[in-house]
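To start, the structure under review is shown below, and the notes come after it.
Rule-based calculations on the coordinates, nothing more; no lab input. All values reported here derive from a predicted model rather than from experimental measurement. Cβ atoms come from the backbone with ideal geometry, glycine included; neighbour counts cover every protein chain shown.
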Amino acid sequence: MKNLVLAVALCLANGVSPAALAADAAPTVTIENAFSPDGGAEALVLKVIDSAASSIRLAAYSFSSPHVVEALLRARQRGVDVRVLADTRRNARKNSRAALDRLVGAGIPTRLISRYVLHHDKYIVADGVTVQNGSFNYTADAATANSENVIVVWHSARLAQSYLAHWENRWASGIDYARVPRP
């Protein structure tokens, strides 16, 4: 508290408002982008997941990437509140179900949505301030075979809140994913 009072006093003595100082201390909005299969798109997606400290909300059309699954499991182990929403029809395949099974088995709330012809969203909201978006499906092919793009807007709470509201609306329309029993 003493340091805060001193900082405010120094600001006022030098003609700088405390509000201006606080604005300068706020993280700067930055943008990164990448492409695949040869331009680091998957690495940028993993960077977003690995940077999350409090929450991850992922919306997927197709979900089967082992690397994304592992990153989400690491986030969960760090105490990050992870939730995943994916298209029902697109994720009926064996590899997608195996990926979703791993998430649910680790305690990650996962829902499928069939309200739309396609739930074609592909984005992550991390910590309520960072958004990853683009054509990149969370699949191995998106990383190694397809021409895809990823864009990340870091430290934009306003943008993140817009995506988060969209995600929460879709989450409310989803149904909890049930693991496939193993023989």
Placing each pseudo-label 7 Å from Cα in the direction of the beta carbon, THR30 and LEU159 end up separated by a distance in nanometres of 1.4 nm
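From the Cα gyration tensor of the range 20-120, with a ≥ b ≥ c the square roots of its eigenvalues, which class applies: rounded if a/c is under 1.5, or else prolate if a/b is larger than b/c, or else oblate?
Prolate.
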Of 93-104, 29-40, ordering from highest average Cβ density within 10 Å down gives 93-104, 29-40
At R0 = 22 Å the Cβ-Cβ FRET efficiency linking GLU168 and SER114, nearest 0.05, sits at 0.80
By the C-alpha gyration tensor axes a ≥ b ≥ c (rounded if a/c is under 1.5, else prolate when a/b exceeds b/c, else oblate), the shape of the range 59-183 is rounded
